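Following: one structure in structure tokens, then a few remarks.
The values are calculated or read from the model by the stated rules, or taken from the named source; none is laboratory data. These figures come from a predicted structure and were not determined experimentally. Cβ placement follows ideal geometry from the backbone for every residue including glycine, while neighbour counts extend to all protein chains displayed.
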Amino acid sequence: MIYQLKITLLNIEPPIWRRVLVDGQKSLDDLHLYIQIAMGWTNSHLHEFQIGDSRYGMCDPEFDDLGEDVQEEELFTLEEVAPFVGVEFLYEYDFGDSWEHQVKVEAIEETEEEDFKTVVLAGERSCPPEDVGGVLGYEEFLEAMADSDHPEHTAMVDWIGGKFDPEYYPIDSVNKYLAEFDIDAFYDSIVDTSYTYRQGQYLAFIHYYTKVNGIPPAQADIQRYFGVTPPTVNSMLKRLEERGFIARVARRARSIRVLIDQSNLPELE
């Protein structure tokens, strides 16, 4: 069965929303990834589904547990937890910024496609930047970005890496990414750590730069650190992305994130 879902980020006006088609046999951990891609998040924080009186999530890597009364999300499919049209549930992402999304089942239809690809039918407005400080922080960020005389304007421009259009949603780019997205290969890539020495250094730099500065590096930062040319950086990032070691958001500056665990990274030399 194919589910038509409307995903709305709560407590923001005008609303930020996406309408997507998803295979109902996908597990909730798969649905999490599709929501991340459709919305424009970078899968950099913990998350949780709240459906009726039940909670579903994944193990916290720092504590190796699910938390009190939270069930393992990979064991439940969308069809199992939301079997009817009209069901609504909550998806929370980043427990610090607490981005709450309402997910509503708008329609359920049969399909004969064996390998249905998730697709975004419609959507409005840009996803907030990661780690902006939740709804209040996003409002303050937009105010600073819109006013060149605002005391935080320059700092915010530097932080985001340039311009930010809150009304822009690149639906065509998102759907192109979804059409090419191999979710099995994604999961395999998380545990594949067979990188070269040079690739390992790039991965370590991206990780530690992000950890120290609170935002991922721009390509210019990588270029300066390694003393290489822009084409060299572009080529390396493309290889790392193809191997599943990093992920980037199309047309968004400073969106590089490392997909392998810190324990599998080398020391930065």
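Would you check if G134 is surrounded by 11 or more Cβ atoms within 10 Å (Cβ to Cβ) and under 22 Å from N234 (Cα atoms)? Steps first, answer last, please.
On the way: surrounded by 11 or more Cβ atoms within 10 Å (Cβ to Cβ): yes; under 22 Å from N234 (Cα atoms): no.
So G134 fails the test.
Tell me the residue from N175, N213 that is of a type outside the set (G, A, S) and surrounded by fewer than 13 Cβ atoms within 10 Å (Cβ to Cβ), please.
On the way: N175 fails: surrounded by fewer than 13 Cβ atoms within 10 Å (Cβ to Cβ).
Going through N175, N213 in turn, the sole match is N213.
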Out of region 1-34, which residues are among the polar types (S, T, N, Q), within 19 Å of the chain's Cα centre (by Cα) and at pLDDT below 95? S27
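If I filter region 87-130 down to residues being assigned to a loop (DSSP other than H, G, I, E, B), small (G, A, S) and modelled with pLDDT of 95 or more, which single residue comes out as farthest from P170 (Cα to Cα)?
Just the residues of region 87-130 that are assigned to a loop (DSSP other than H, G, I, E, B), to begin with: 87, 94-98, 110-118, 125-130.
Those still in the list that are small (G, A, S) too: 96, 98, 126.
So of that shortlist, the ones also modelled with pLDDT of 95 or more come out as 98, 126.
Working: S98: 24, S126: 8 Å.
So, considering only residues that are assigned to a loop (DSSP other than H, G, I, E, B), small (G, A, S) and modelled with pLDDT of 95 or more, the one farthest from P170 (Cα to Cα) is S98.
Hey, which of the helices (runs of 4 or more DSSP H) in region 158-269, taking only ones fully inside, have at least 1 residues that are in contact with a helix residue (DSSP H, G or I) (Cβ under 9 Å, 6 or more places away or on another chain) and at pLDDT 85 or above?
Details: elements: 171-180, 183-191, 197-213, 219-226, 230-242.
Counting at least 1 such residues, we get 171-180, 197-213, 219-226, 230-242.
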Just checking, which of R125, R55 is basic (K, R) and more than 17 Å from R18 (Cβ to Cβ)? R55
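Is it the case that region 26-39 has a residue that's without any contact (Cβ under 8 Å) to a residue 12 or more places away in the chain and part of a loop (DSSP other than H, G, I, E, B)? Working first, answer last.
Taking region 26-39 first, the residues without any contact (Cβ under 8 Å) to a residue 12 or more places away in the chain are none.
Scanning region 26-39 turns up no residue that is without any contact (Cβ under 8 Å) to a residue 12 or more places away in the chain and part of a loop (DSSP other than H, G, I, E, B).
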